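Novice: Handing you a structure now.
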Amino acid sequence: MAQISQLAYIVAETTDLERWRSYAEQVLGMQALDDGDGLAIKMDERDFRMSVRRGEADRYLASGWQVEDAAAFDAAKEALTGAGVAVTPGDDALKQARRVADIALFRDPAGNQHELSYGYTGGSAPFVSPCGVPGFKTGIYGMGHTVLPALPFDETRALFVDTLGFGASDEFKFEPPDGSPGMRIHFLHCINGRHHSLALAEMPNPAGCVHIMVEVESMTEVGRAHDRMQQYDVKLMATLGQHTNDKMTSFYMMTPSNFAIEFGWGGEIVDPAHHETTHTESVSIWGHDFSVGFQQ
């Protein structure tokens, strides 16, 4: 079975690069470097963990999944093809843009775009935050996690679990208080120890992503980011709280590309080879009022 090492990067589109530059540097505390017709958002020694491209819409474009080596890359492509998924080789321009030895593209049954790659070929300049963030939790754990819309749900989940070898960390069924149909959210891990690198939500989302998560090394940095969010009048999408499944303490805010970022600390590390799937009944232990995201 194919094995995915980490969520290496995400790609977003924006109609306003300067707004994204300011948001990345002054709110997230990341480096925003010019990169052709876009920005390379730097979180660690890699050239980028977010690639923000100039375009005609404000939305999420793709999730970049990394495998260990050429053999794992070929195995993943073969698994996808065997499952009836169309796999498109990336050209040299895309390899150079993503700083990888090789890359291939595919879409899941929900229509989400994914980029599969191996062999990072970019630079290793130290990360220097414009506003003093010491660093983000990346390395073998990848850049964080992404939560994607998944309709149809069962087919999309099967692709990642049965074909690409993701493990199920937690399964949650949200039951609206008004009695309307419930919504499943399944949290999936790669072969690294991050509790989940991907979550699938049984819902549509016009921005192409529900949220991504980035993690800092202390609760102090979560608080400082919360202050910066308020200072720069960024829309709060969920109040500070602690999740039940991965124990992350975090808050959520909107990005210029119309998906949210969860900014957190303290996420659980699991043993991916032996972790048993949990079934939580609540999103959070405390906090995380998501109703604020629907307020004007």
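Novice: Report relative contact order for the chain in percent, whole number only (criteria: Cα-Cα under 8 Å, sequence separation at least 6).
Specialist: The normalised contact order for the chain reaches 19 percent.
Novice: Moving to a separate point now. Would you please give the FRET efficiency between Arg19 and Thr121, computed as 1/(1 + (r/R0)^6) with r the Cβ-Cβ distance and R0 = 30 Å, to the nearest 0.05?
Specialist: Rounded to the nearest 0.05, the efficiency is 0.50.
Novice: I've got another one for you. Once you put a point 7 Å from the Cα of Ala93 and another 7 Å from the Cα of Glu171, both along the Cβ direction, what distance in nm separates them?
Specialist: 4.4 nm
Novice: Contour minus end-to-end for Asp271 and Gln295, with contour as 0.36 nm per residue of separation and end-to-end as the Cα-Cα distance?
Specialist: Going from the current span to full extension adds 4.7 nm.
Novice: Okay, next question. At 1.4 Å probe size, with every protein chain present, just tell me what the per residue accessible area of the chain comes to in Å².
Specialist: Working: 12480 Å² over 296 residues.
Ligands and nucleic acids excluded, the figure is 42 Å² per residue.
Novice: Next up: Students often check this: by mean Cβ neighbours within 10 Å, which of 70-76, 160-166 ranks highest, and how do the rest follow? All intermediate terms of the calculation are to be shown ahead of the outcome.
Specialist: On the way: 70-76: 16.9, 160-166: 20.1.
In descending order of packing, they fall as 160-166, 70-76.
Novice: Name the long-range amide H neighbours of Glu45: under 5 Å, sequence gap of 5 or more, or other chain; modelled H, no Pro or chain starts.
Specialist: Correct list: Phe127.
Novice: Give the distance, in whole Å, between the Cα centre of the stretch 189-240 and the Cα centre of the stretch 92-122.
Specialist: If we compute the Cα centre of each part, the gap is 23 Å.
Novice: So how many Lys-Lys pairs in the chain land under 19 Å Cα to Cα, not counting same-chain pairs under 8 apart? Each step should come with its number before you reach the end.
Specialist: On the way: Lys42/Lys95; Lys42/Lys137; Lys77/Lys95; Lys137/Lys247; Lys173/Lys247.
Final tally of qualifying lysine pairs is 5.
Novice: Going by average Cβ neighbours within 10 Å, how do the peptides 60-69, 14-23, 284-293 rank, with the highest at the top? Don't skip to the end; give the middle numbers.
Specialist: Numbers: 60-69: 21.6, 14-23: 17.8, 284-293: 14.5.
Ranking, from highest mean packing down: 60-69, 14-23, 284-293.
Novice: Another one. Calculate, in nm to one decimal, what Asp227 and Glu45 gain on full extension: separation in residues at 0.36 nm each, minus their alpha carbon distance.
Specialist: Between Asp227 and Glu45, full extension yields 62.9 nm more.
Novice: Quick check for me: using +1 on Lys/Arg Cβ and -1 on Asp/Glu Cβ, what's the dipole size of the stretch 227-296 about its Cα centre, in debye to the nearest 20?
Specialist: Charge dipole, the stretch 227-296, about its Cα centre: 280 debye, nearest 20.
Novice: How would you order 188-199, 77-88 from highest to lowest mean count of nearby Cβ atoms within 10 Å?
Specialist: By packing density, highest mean first, the sequence is 188-199, 77-88.
The values are calculated or read from the model by the stated rules, or taken from the named source; none is laboratory data. If you're wondering where the values come from, they're calculated on a predicted model, not measured in any experiment. FYI the Cβ positions are ideal-geometry reconstructions off the backbone, even for glycines, and counts take in every protein chain you see. These accessible areas exclude ligands, DNA and RNA; they are computed on the full protein's heavy atoms, side chains included. Shrake-Rupley method; radii C 1.70, N 1.55, O 1.52, S 1.80 Å.
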